[in-house]
Amino acid sequence: MKIALGSDHAGWELKEEIKKFLSLQKVEYKDFGPYNEESVDYPDYAEKVGEAVNSGKYDRGILICGTGIGMSIAANKIKGIYAALVDNTYTALYSRKHNNSNVLVLPGRLIGKALADEIVRIWLASEYEGSRHEKRIAKIKTIEDKNI
Ligand code: RB5
């Protein structure tokens, strides 16, 4: 699995932790930036990571900003992106099982490193269940297609 990773300045520190965690787990990733803690605009990085996932070159993405909200809003504007803002292990699991999320968004200012690592571990290991959720995902696609 190949992961596209990005943050803003408020998510930078947690992104460094997630990079260490992914390396330990032997998960391949590319860091789309930023590469230091200087102030940046989160939509620029949501776009880079969202497009990397939408292109098919990366299987999934992880984005981190302060609250996770800006990254979620921006990433979900990109076609084909299903970004889930997650701050607990339950929604880490169900954002995959029920929603087939392909981008995980973490709130860098709200959760600690150990919880973030566990959320990433669960989210990467969990699969979409399909079945009754298919028609709901299809309806999301219909909304997306109507609004292009
Ligand atoms: C940056 O200060 C902050 O606004 C950003 O990281 C994010 O929380 C926005 O939603």
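Any read-out appearing in this document is the output of simple, stated calculations on the displayed coordinates, not a laboratory observation. Computed from a predicted structure; not experimentally measured. In this analysis, Cβ positions are derived from the backbone assuming ideal geometry, glycine residues included, and neighbour counts consider all displayed protein chains.
From a point 7 Å beyond the Cα of HIS133 in the direction of its Cβ, which residues of segment 60-84 have a backbone N at a distance under 13 Å? The answer is 82-84. Output the 0 to 90 degree angle, nearest 10, between the alpha-carbon long axis of helix 42-54 and the longest principal axis computed from the alpha carbons of the chain. That helix lies at roughly 50 degrees to the long axis. Adding -39500 (n - 2.57) for every DSSP H run of four residues or longer, then dividing by how many residues the chain holds, sets the calculated 222 nm ellipticity at -14000 deg cm²/dmol. To the nearest 0.05, how large is the calculated FRET efficiency for ALA125 and GLU13 if R₀ is 30 Å and r is the Cβ-Cβ distance? Here the calculated transfer efficiency is 0.80.
Fewest first, what order do TYR35, TYR42 take by the number of other Cβ atoms within 10 Å?
Values: TYR35 9, TYR42 26.
Fewest-to-most ranking of TYR35, TYR42: TYR35, TYR42.
Close amide-amide hydrogen proximity is noted between SER101 and ARG96, each under 5 Å apart and 5 or more residues distant or on a separate chain (H modeled in the peptide plane; Pro and chain starts excluded).
For each of PHE21, PHE32, count neighbouring Cβ atoms within 10 Å of the residue's Cβ, then give the residues from fewest to most. Working shown, then result.
Numbers: PHE21 19, PHE32 23.
Fewest to most other Cβ atoms nearby, the residues stand as PHE21, PHE32.
Cross-link reach is defined here as a Cα-Cα straight distance under 13 Å, omitting same-chain residues fewer than 8 places apart; for LYS77 the aspartates and glutamates meeting it are ASP44, GLU47, GLU51, GLU144, ASP145. When you restrict to C-alpha pairs under 8 Å that are six or more residues apart and normalise by the size of the chain, the relative contact order lands at 23 percent.
Ignoring GluC sites (Glu not before Pro) that are buried or in helix or strand per DSSP, and keeping those with at most 10 other beta carbon atoms within 10 Å, what is the longest stretch of the chain between them? It runs 39-126.
Note on LEU24 and SER55: with the Förster distance fixed at 22 Å, the Cβ-Cβ geometry gives a FRET efficiency of about 0.25.
With 32 Å as the limit, write out which pairs from LYS26/LYS139; LYS48/LYS141; LYS113/LYS139; LYS26/LYS146; LYS113/LYS146 have Cα-Cα distances beyond it, or answer none.
Over 32 Å apart, Cα to Cα: LYS26/LYS139; LYS113/LYS139; LYS26/LYS146; LYS113/LYS146.
With neighbours defined as other Cβ atoms within 10 Å of a residue's Cβ, the residues MET71, MET1 order from fewest to most as MET1, MET71. Here the chain is described by how far its Cα atoms reach on the three principal axes: 41, 29, 27 Å, from widest to narrowest. Partners of LYS135 within straight-line reach, counting lysines whose Cα lies under 16 Å from its Cα and excluding those fewer than 8 residues away in the same chain: LYS97. Across segment 80-148, Cα-Cα pairs farther apart than 17 Å form 44% of the total.
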